[in-house]
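Following: one structure in structure tokens, then a few remarks.
The values are calculated or read from the model by the stated rules, or taken from the named source; none is laboratory data. What you see is a predicted model, and the numbers here were worked out from it, not measured in a lab. Here Cβ is always computed from backbone atoms with ideal geometry, including for glycine, and neighbour counts include all displayed protein chains. These accessible areas exclude ligands, DNA and RNA; they are computed on the full protein's heavy atoms, side chains included. Shrake-Rupley method; radii C 1.70, N 1.55, O 1.52, S 1.80 Å.
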Amino acid sequence: TGELRPGWDTKRTALEGDASWSALRLADGSVLIGSDAGGAIFQVKGDSSKKLVSIPGAIAVVSLAQTSDGSVWAGAMPGNKLWKIDVGAGKATAGPQLGKDTKDVETIWSLAAAGNTVYAGTGPSGKLFAVTGGTAKEVFDTDDKRITALSVTSDGKVWLGTSERALVFRFDPKDGKGRAMADFAGNEVSSLAPYRDGVVAVANDLAEAVVPTGKTATQIEAAEKPTAGKGQVAKAPDVGTKPGADKDTP
């Protein structure tokens, strides 16, 4: 169009930990960041940040959402409980448990709010839960491993993206029914955002399989011991083979 427009102005704010897993913008303009620094949530405002709270037993805070009453909710890896975050007091309170046990729900990968109801996408069974008034109810089963993305559109329908088959479903709370809407070539739908009468979806095609749960402290300690696994015996190439002849690793 022959027009000149200003670009984005970006700033970096240093945080603890190796990665940021989730983010939630609050009404005051600050942003809550879920990190892997011992399950900490940071509050970033302007050029400064502060550690707001840490969730006990969590490796990372992988999902955040806010209901219409102003309550902030967090999902952790690993963990099968929702956590209610008091931003003002910097306090985390354990909420309802999702699923029958930790085998049914190991991590709450995604959260989305509709009014005062929180929808939670979980793994490793790929189930969707609705939490209202402190009560959790399973409302949909994707038959995939994990629900890694959630979004609620203006018509009240809940959209969910999965891993490891990269499927997108739409769930209608009014009739309690869901249907598959898309099947991507990748193996993970990492994000969903409302757009008109549907959603914009981001799909990853990861070279390595998605880790079903985070490493526990016990697993890390065992792996770091000097006598940890001695590895795998090397296998010499077959006679007459050429580089690249082997099949790709699944």
Practice task
At 7 Å along the Cα-to-beta-carbon direction for both D172 and D47, put a label point, then send me their distance in nm to one decimal.
Solution key: 5.3 nm
Fill in the blank from the handout: Distance in Å, no decimals, from the C-alpha centre of the stretch 96-136 to the one of the stretch 145-161 is 12 Å
Practice task
Please report the relative contact order for the stretch 44-115, taking Cα pairs under 8 Å with a sequence separation of at least 6, and give it as a percent rounded to a whole number.
Solution key: 31 percent
Handout entry: Protection-proxy order for peptides 50-58, 35-43, 169-177, each taking the mean of Cβ atoms within 10 Å per residue, highest first
Key = 35-43, 50-58, 169-177
Handout entry: Peptides 126-134, 1-9 ordered by average Cβ neighbours within 10 Å, highest first
Key = 126-134, 1-9
Practice task
Could you please state how large a percent of the accessible area of the stretch 100-179 is carbon and sulfur, counting protein chains only and using a 1.4 Å probe?
Solution key: 44 percent
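Output the peptides 153-159, 141-147, 86-92 sorted from most to least packed, where packing is the average of other Cβ atoms within 10 Å over each peptide's residues.
My ranking of the peptides, most packed first, is 141-147, 153-159, 86-92.
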Fill in the blank from the handout: Dividing the mean separation of Cα pairs under 8 Å (6+ apart) by the residue count of the stretch 1-53 yields a relative contact order in percent of 27 percent
Exercise for the section: Name the residues whose placed amide hydrogens come within less than 5 Å of the amide hydrogen of I108, ignoring near sequence neighbours (fewer than 5 apart) on the same chain. Expected result: A76, G79
Handout entry: Relative contact order computed over the stretch 71-167 (Cα-Cα under 8 Å; 6+ residues apart), in percent
Key = 19 percent
Exercise for the section: Note down, for the stretch 53-118, the three equivalent ellipsoid semi-axes (square root of 5 times each alpha carbon gyration tensor eigenvalue), biggest first, whole angstrom. Expected result: 19, 14, 9
Fill in the blank from the handout: For the stretch 49-58, in residue order, the Karplus 3J(HN,Hα) values (coefficients 6.51, -1.76, 1.60; θ = phi - 60°; whole Hz; Gly and Pro = x) are 9, 9, 6, 7, 6, 10, 8, x, x, 8
